[in-house]
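The block underneath contains the structure these notes are about, expressed in structure tokens.
The values are calculated or read from the model by the stated rules, or taken from the named source; none is laboratory data. Remember, predicted model here, so these are calculated numbers, not experimental data. Glycine also receives a Cβ, built like all others from the backbone with ideal geometry; neighbour counts cover every protein chain displayed.
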Amino acid sequence: MSKISSFEREIKKLEDNIEKQQKKIEDLKEKYREKKISGDSFSLKKEKIVDKIRAMNSRMRLLQGGIVREKRFLQDKKMEE
């Protein structure tokens, strides 16, 4: 169960980080609306953040797959006994 719990902790951290990145996008939109940054600057900064979010989502899917594999392994182990 230690692998599963570590995977779950890592997923929770990634979810929190994704929320922070989405907050940054909202802040950028607000700055753009207030004309504090240009449209080009907004697009570049937003795209960088979106790429980070995609990478974190990919990592979360990998960890979720790891949880499934570990549960299946534990289940098979129980059935053998």
Single residue of region 1-33 satisfying the filter (in a helix (DSSP H, G or I) and of a type in the set (A, V, I, L, M)) that is farthest from Phe73 (Cα to Cα): Leu28
Flag for Lys23 being at negative phi, out of contact with any helix residue (DSSP H, G or I) (no Cβ under 8 Å at 6 or more places or on another chain) and modelled with pLDDT of 95 or more: yes
Applying the selection to region 45-76, what residues are out of contact with any helix residue (DSSP H, G or I) (no Cβ under 8 Å at 6 or more places or on another chain), over 22 Å from Ser6 (Cβ atoms) and among the hydrophobic types (A, V, I, L, M, F, W, C)? none
Would you pick out the residues in region 34-44 that are surrounded by 10 or more Cβ atoms within 10 Å (Cβ to Cβ) and either outside any helix (DSSP H, G or I) or out of contact with any helix residue (DSSP H, G or I) (no Cβ under 8 Å at 6 or more places or on another chain) (or both)? Lys36, Ile37, Ser38, Ser41, Ser43, Leu44
What about Lys3, is it touching a residue at least 12 places away in the same chain (Cβ under 8 Å) and either surrounded by 13 or more Cβ atoms within 10 Å (Cβ to Cβ) or within 11 Å of the chain's Cα centre (by Cα) (or both)? yes
